[in-house]
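Participant: The structure follows.
The values are calculated or read from the model by the stated rules, or taken from the named source; none is laboratory data. For clarity, every value in this text was computed on a predicted model and none was experimentally measured. Glycine gets a Cβ as well: all are built from the backbone with ideal geometry, and neighbour counts include every protein chain shown.
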Amino acid sequence: MAIIENSDPRASNIELIGRDNINDFEEIFQVVGREEENGRHLVPDHCPAEFTWDYEKGARPKLDKLYEKAKNAQWNGSTDLAWDTNVDQEYLAKMAYDEGATGPMAAPDMTGTVLATWGEKEWVALNMEYQNWMLSQFMHGEQGALLCTAKIVETVPWIDAKYYASTQVMDEARHVEVFSRYLDTKLSGHYQMNGHLGLLLDDIVSDSRWDMTYLGMQIMVEGLALAAFGLMHQTTKEPLLKQLLRYVMADEARHVAFGVLSLQELYLELNAAEIRERQEFAFEAAVRMRDRMAGQEIYDRLGVPLKDAAKVMSQDPGRLDFQALLFGKIVPNCKKLGLLDAGDGWLREKFTEMGVIAFEDFEDTEAEVDMEADGSPVERNLV
Ligand SMILES: [Fe+2]
Ligand SMILES: [Fe+2]
């Protein structure tokens with residue numbers, strides 16, 4: 001595979017993402033998340049907390065409007081979702097198997113790998129593990145959002161943004177809660193955080209600049225999450241999960257819009273070098289978010305050699321389309337922020353190489369939130 005050239009010698013792919021070739025599947029599979037033995041993951045947080053003495057509510061009208069909308073859109077994960085729904089995970093996994101080969105099962109050449117010996121039992125088990133893993137990653141990502149947004153309350157200098165961010169803290173607590181409950185009561189196991197997602201969240205939390213929290217979390221992580229939730233919402237046949245995702249997605253559209261609105265104002269004041277740093281961070285985050293979808297921890301747990309998993313996953317015929325769809329929110333929002341074409345258009349070049357540039361003219365998330373500006377972005381009790 002071609003090695004991506006980087007026009008800026010100060011920031012090579014190795015410096016940004018730890019490897020030269022962004023598409024090297026074997027290297028992507030070498031990064032496997034591990035939980036600390038003491039169960040605690042500590043990340044130094046270097047941001048100064050900032051008080052403001054300017055209490056004028058509504059000085060930033062769009063943020064104020066979003067805050068008012070968020071106050072009306074709160075829901076209760078304990079009582080608004082149909083938790084009495086019976087979920088037969090094995091039946092659903094078997095149904096997916098019976099529908100025909102998709103994902104890694106559709107890889108044309110598994111020769112020489114452990115997966116070549118698998119039959120129905122193993123593939124159905126993989127489907128179940130994949131769901132446990134995916135929902136676990138959603139849960140961990142939600143906790144990342146909870147921490148990052150609490151940090152934004154402290155660090156962002158504007159009162160309208162502090163107000164809005166406080167509503168997002170509550171939203172994220174609810175999201176962690178509902179994903180955790182779904183895993184505990186409807187599925188068959190938890191997974192540790194994916195290695196790539198963990199590296200990215202550590203980078204976001206440890207950055208000392210408040211706008212990097214927004215770029216990493218609200219634009220990149222939540223932008224991808226919104227697309228991933230949307231895909232799962234469309235495809236799942238499980239009514240409780242469908243309902244849960246619909247509620248969460250209504251919140252997430254606001255969160256991404258919060259990032260775009262806040263950064264648009266700040267980026268007008270940044271110089272070319274500062275914008276370039278943001279472009280590089282967006283690229284690093286995009287690659288990490290893409291690489292986190294490979295499911296490394298599942299194969300590791302099942303005892304499949306990572307080399308075998310990498311060989312099979314790299315041939316999944318739907319992989320590139322699936323990955324590209326996940327960027328349907330990120331690319332237009334980066335464009336709206338001016339990051340795509342700033343300077344020499346470095347980020348456009350990188351997104352082109354990743355095969356996701358086609359989404360640049362998709363609807364950005366601000367429009368999506370406005371479409372739901374009827375005061376009731378969530379249809380209650382929709383199953
Ligand atoms: Fe969330
Ligand atoms: Fe969120």
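Participant: Considering each of Asp171, Asp202 in turn, give the residue that is crowded, with 19+ Cβ neighbours inside 10 Å and either more than 16 Å from ligand 2 (Cβ to nearest atom) or within 16 Å of the chain's Cα centre (by Cα) (or both).
Facilitator: Asp171
Participant: Across the stretch 198-218, what is the total count of residues that are within 14 Å of ligand 1 (Cβ to nearest atom) and either part of a loop (DSSP other than H, G, I, E, B) or in contact with a His (Cβ under 7 Å, 6 or more places away or on another chain) (or both)?
Facilitator: 1
Participant: Of these, Lys121, Lys65, Lys69, which one is under 22 Å from Asp211 (Cβ atoms) and out of contact with any helix residue (DSSP H, G or I) (no Cβ under 6 Å at 6 or more places or on another chain)?
Facilitator: After applying the criteria, what remains is Lys65.
Participant: Looking at the stretch 329-379, what helices (runs of 4 or more DSSP H) fall wholly within it and have at least 3 residues that are modelled with pLDDT under 65 and surrounded by fewer than 22 Cβ atoms within 10 Å (Cβ to Cβ)?
Facilitator: Of the helices (runs of 4 or more DSSP H) lying wholly inside the stretch 329-379, those with at least 3 residues that are modelled with pLDDT under 65 and surrounded by fewer than 22 Cβ atoms within 10 Å (Cβ to Cβ) span 365-371.
Participant: Still on this structure, please answer the following. Among the residues of the stretch 28-55, count how many are at pLDDT 80 or above and surrounded by 11 or more Cβ atoms within 10 Å (Cβ to Cβ).
Facilitator: 12
Participant: Under 6 Å between Cβ atoms, which residue pairs at least 6 apart in sequence (or on different chains) link something in the stretch 135-157 that is free of Cβ contacts under 8 Å to residues at least 12 places away in the same chain with a partner that is crowded, with 21+ Cβ neighbours inside 10 Å?
Facilitator: Sorted first by the residue in the stretch 135-157, then by its partner, the list stays empty.
Participant: Which residue, of Leu263, Leu326, is under 27 Å from Glu122 (Cβ atoms) and aliphatic (A, V, I, L, M)?
Facilitator: None of the others qualify; the one that does is Leu326.
Participant: Moving to a separate point now. Quick test of your reading of the structure: Cys148 fulfils all but one of (1) farther than 30 Å from Lys94 by Cα; (2) at pLDDT below 95; (3) in contact with a helix residue (DSSP H, G or I) (Cβ under 9 Å, 6 or more places away or on another chain). Name the failing condition by number.
Facilitator: (2)
Participant: Now, a different point. Could you please give the count of residues in the stretch 155-193 that are of a type in the set (D, E, K, R) and closer than 30 Å to Val124 by Cβ?
Facilitator: Total satisfying the criteria: 4.
Participant: So, one more: If you take just the helices (runs of 4 or more DSSP H) that sit entirely in the stretch 1-119, which of them hold at least 2 residues that are of a type in the set (A, V, I, L, M)?
Facilitator: Those helices (runs of 4 or more DSSP H) span 13-17, 61-72, 89-98.
Participant: Exactly one of (1) modelled with pLDDT under 95; (2) within 15 Å of ligand 2 (Cβ to nearest atom); (3) within 17 Å of the chain's Cα centre (by Cα) is unmet by Leu231. Its number?
Facilitator: (2)
Participant: Looking at the stretch 245-327, what helices (runs of 4 or more DSSP H) fall wholly within it and have at least 2 residues that are within 16 Å of ligand 2 (Cβ to nearest atom)?
Facilitator: Result: 272-291.
Participant: Still on this model: Name the single residue, out of those in the stretch 120-132 being over 13 Å from Gly100 (Cα atoms) and not acidic (Asp, Glu), that is farthest from the chain's Cα centre (by Cα).
Facilitator: Within the stretch 120-132, the match that is farthest from the chain's Cα centre (by Cα) is Lys121.
Participant: Quick one: Ser188 ticks every box in (1) among the small types (Gly, Ala, Ser); (2) in a helix (DSSP H, G or I); (3) out of contact with any Ser or Thr (no Cβ under 9 Å at 6 or more places or on another chain); (4) touching a residue at least 12 places away in the same chain (Cβ under 8 Å) except a single one, so which number is it?
Facilitator: Among (1) among the small types (Gly, Ala, Ser); (2) in a helix (DSSP H, G or I); (3) out of contact with any Ser or Thr (no Cβ under 9 Å at 6 or more places or on another chain); (4) touching a residue at least 12 places away in the same chain (Cβ under 8 Å), the lone unmet condition for Ser188 is (2).
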